[in-house]
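This report concerns only the one structure given below.
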Amino acid sequence: MDQAEERRNREFAYKLKELEFYKGNYEKEIKGIFDKWFNFLQDTLIANNKNAHEDVKKKYQKRIDSFLQVENAMKLKIDTMKYGGTETGKVLAVFSQLSFDSDKYIDTDKFVIVYVVCLLLSTLKKEILGQEINPMTMLQVLLNDFETNYDIIKNSKDYVENKYQILLEHSGS
């Protein structure tokens, strides 16, 4: 009994050190990763908001274009992989494919990128912070016209989930 308890205490101490490593030493970097992804989500929502003035849309579209430049997107993806786990990596791979293939889905599915970013943030929150929030709940909070656009949002969600399943099949997971 003493050996089992000693082993549990060592495992607990190891987990505690791991948590301190990620949350203590790199708190600013992790916060920066969350901030960048949440800012991208915000920028995307504003740039596609039918009620936003054209000047405002252009301003936020420039921010999106800057975000998606290879050097910026690659750095954020690498930083995200540093701290995220297996599930974060999978969702990040789907984001990469969808942002690269953005011309392949129809314009009315403007929520495809929005949904995959919500999924990524949801996954990051769970893996890094231990907090759970459903991507659809995030969209309900962020979109005043959630109910009006539910069919488009649902189609986008299904599209992303289909891409996720294809990724899993191709990676052998």
Note to self: If you scale each eigenvalue of the Cα gyration tensor by 5 and take the root, what three semi-axes come out for region 1-99, rounded to whole angstrom and sorted largest first?
What the structure shows: 40, 13, 12
Check: Could you give the accessible area per residue of region 1-140, probe 1.4 Å, as a whole number in Å²?
Finding: 64
Check: What does the highest-first list of 55-64, 152-161, 112-121 look like by mean Cβ count within 10 Å?
Finding: 112-121, 152-161, 55-64
Next item on the list: Would you mind calculating the relative contact order of the chain from Cα pairs under 8 angstrom and at least 6 residues apart, reporting the percent as a whole number?
Entry: 19
Next item on the list: State, to one decimal in nm, how far the label point of residue 132 lies from the label point of residue 35, with both points 7 Å from Cα in the Cβ direction.
Entry: 3.0
Checklist line | Average projected area [Cα convex hull, the chain], square nanometres | finding: 12.6
Check: How much of the accessible area of the chain, in percent, comes from carbon and sulfur atoms when a 1.4 Å probe is used?
Finding: 52
Note to self: Among the listed pairs 90/110; 75/125; 36/110; 15/163, which have their C-alpha atoms separated by more than 31 angstrom in this model?
What the structure shows: 15/163
Check: Once label points are set 7 Å from the Cα along Cα→Cβ at both residue 125 and residue 86, what is their separation, rounded to one decimal in nm?
Finding: 2.3
Note to self: I need the phi-derived Karplus couplings for region 151-165: 6.51 cos²θ - 1.76 cosθ + 1.60, θ = phi - 60°, integer Hz, Gly and Pro marked x.
What the structure shows: 4, 5, 4, 4, 4, 5, 4, 4, 4, 5, 5, 5, 4, 4, 5
Margin query: Output the 0 to 90 degree angle, nearest 10, between the alpha-carbon long axis of helix 27-47 and the longest principal axis computed from the alpha carbons of the chain.
Written below: 20
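The values are calculated or read from the model by the stated rules, or taken from the named source; none is laboratory data. This is a predicted model, so every value here is computed, not measured. Please note: Cβ atoms are built from the backbone with ideal geometry, for glycine as well, and neighbour counts cover all protein chains shown. Accessible surface is based on the protein model in full, side chains and every heavy atom, while ligands, DNA and RNA are left aside. Shrake-Rupley method; radii C 1.70, N 1.55, O 1.52, S 1.80 Å.
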